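What follows draws every value from the coordinates through simple rules; no lab data is involved. This is a predicted model, so every value here is computed, not measured. Here the Cβ is made from the backbone with ideal geometry for all residues, glycine too, and neighbour counts use every protein chain on show.
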Amino acid sequence: VVLIGNVISILIAIVVGWFLAKRALVPIQVSWEKQQQFIADASHELRTPLTAILVNLERLFRHPDRTIEQESEKIMIGMQEAKRLSHLVSDLLTLARSDSNELQIMKKRFNVNEVVQTCTQVFSQMAIAKEVRLETEIEESLDMMGDEERIHQMMVILLDNALKYTNPGGSIFVSCKREGQRVAIMVKDTGIGIPKDEIPLVFDRFYRVDKMRSKSTEGTGLGLSIAKWIVEVHQGKIQVSSEEGIGTSFLVTLPMKV
Ligand code: ADP
């Protein structure tokens, strides 16, 4: 019953979210073709978890005599897919609102080294669990003007990717230092890397390097487009360098005063 309740609230959230996203898409400066492609890709991505939820719910209804323990696998899948759906809808809303310049960013002075440190600490437990070494070199007292929450979100995206695409035994290096009037944040991993011709595409919406390779890892292909938006809205730059089988490095530079 709880699962069905959750699913229904998520379905409602999707409909409302999608309606808002479509409204937010109207005053966009991006081309009509891009909007159409975005809607087509988004619908496709939304349909996959929705189908999985519906299939599992139908199976549950077919055997009302079975206990929760007996049906735990179907319930788990339903919950995982519902979570994925909710994540997807919130990413879509962020992008749709950023397109229409509806999203305001906060401009407040904050300690960027503390944000990097906090995020890295959260990921250090997950890195230990995956047997990935996580090292940091974070300078003290780096203040910048901007949106702390958004910079936090960007760090989560970069660290989440570094961990997802690095195999056990590998390592991740995070640094945050001052370079003149800018803060330079680097997230570098010794993971699977990105093929040379696909490097320029990773910031595109829904782009995932080699669908088969990405299938085993969770993701929507929206993370880096959101990270890029966050960096650009702070008048910063995000660069990637990568070599297949060797690793990937993302370098973000942000002005300390926007
Ligand atoms: P996803 O949700 O699939 O991770 P992103 O937009 O964050 O989506 O990234 C787009 C794609 O770029 C990923 O699917 C992956 O193929 C590739 N990628 C991103 N970060 C890394 C990394 N650190 N190492 C290897 N590949 C990466």
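Contact order for the stretch 65-165, expressed relative to its length and based on alpha carbon pairs under 8 Å spaced 6+ residues apart, stands at 32 percent. Placing +1 on each Lys and Arg Cβ and -1 on each Asp and Glu Cβ, with no other charges, gives the stretch 62-176 a dipole about its Cα centre of roughly 320 debye. Computed extension gain for Thr118 through Ile77, at 0.36 nm per residue and net of the alpha carbon distance, reaches 11.7 nm.
With springs only between Cα atoms under 10 Å apart, run a GNM on the chain and tell me which of Ile68, Ile128, Ile194 wobbles the most. Checking each option, the largest mean-square fluctuation is seen for Ile68. One chain, two ends: Glu243 and Glu139. Fully extended at 0.36 nm per residue, the span grows by 34.7 nm beyond their Cα-Cα distance. Dividing the summed helix terms, -39500 (n - 2.57) for each DSSP H run of n ≥ 4, by the number of residues in the chain produces a 222 nm estimate of -18000 deg cm²/dmol to the nearest 500. As a length-normalised measure over Cα pairs under 8 Å and 6 or more apart, the relative contact order of the chain settles at 17 percent. Of the residues Val132, Val233, Leu142, the one whose Cα sits farthest toward the positive end of the charge dipole of the stretch 103-249, with +1 on the Cβ of Lys and Arg and -1 on the Cβ of Asp and Glu, is Val233.
Working note: Karplus 6.51/-1.76/1.60 with θ = phi - 60° gives the stretch 33-38 the couplings 4, 5, 4, 4, 5, 4 Hz, where Gly and Pro are set to x.
The mean sequence separation of alpha-carbon pairs under 8 Å and at least six residues apart, normalised by the residue count of the stretch 150-256, gives a relative contact order of 33 percent.
Summarising the amide proton neighbourhood of Arg133: residues at separation of 5 or more, or on other chains, whose placed amide H is nearer than 5 Å comprise Gly169, Gly170, Ser171, Ile172. Comparing Ser175, Gly193, Tyr207 along the charge dipole axis of the chain, the residue lying farthest to the positive side is Tyr207, per the Cβ-charge model. Summing Lys and Arg as +1 and Asp and Glu as -1 over all other residues whose Cβ lies under 13 Å from the Cβ of Gly170 gives a net charge of +1.
Within the chain, antiparallel bridges make up roughly 80 percent of the DSSP beta bridges whose residues both belong there. The stretch between Ile68 and Thr51, if pulled fully straight at 0.36 nm per residue, gains 4.0 nm over its current Cα-Cα span. Here the residues Ser72, Ser171, ranked from fewest to most Cβ neighbours within 10 Å of their Cβ, fall in the order Ser72, Ser171. For the stretch 103-242, DSSP calls about 65 percent of its internal beta bridges antiparallel. Computed 3J(HN,Hα) for the stretch 108-118, one whole-Hz value per residue from the Karplus formula 6.51 cos²θ - 1.76 cosθ + 1.60 where θ = phi - 60°, is 9, 6, 8, 8, 6, 5, 5, 5, 4, 4, 4, glycine and proline marked x. Phi angles across the stretch 162-174 convert, under the Karplus curve 6.51 cos²θ - 1.76 cosθ + 1.60 with θ = phi - 60°, into 3J(HN,Hα) values of 4, 6, 5, 9, 10, 7, x, x, x, 9, 10, 10, 10 Hz, Gly and Pro given as x. Comparing mean-square fluctuations of Ser175, Ser31, Ser141 from a GNM of the chain with C-alpha springs under 10 Å, the top value falls on Ser31. Taken about its Cα centre, the chain carries a charge dipole of about 460 debye when Lys and Arg each add +1 at the Cβ and Asp and Glu each add -1 at the Cβ.
Highest GNM mean-square fluctuation among Gln80, Gln36, Gln117, for the chain modelled with Cα contacts below 10 Å: Gln36.
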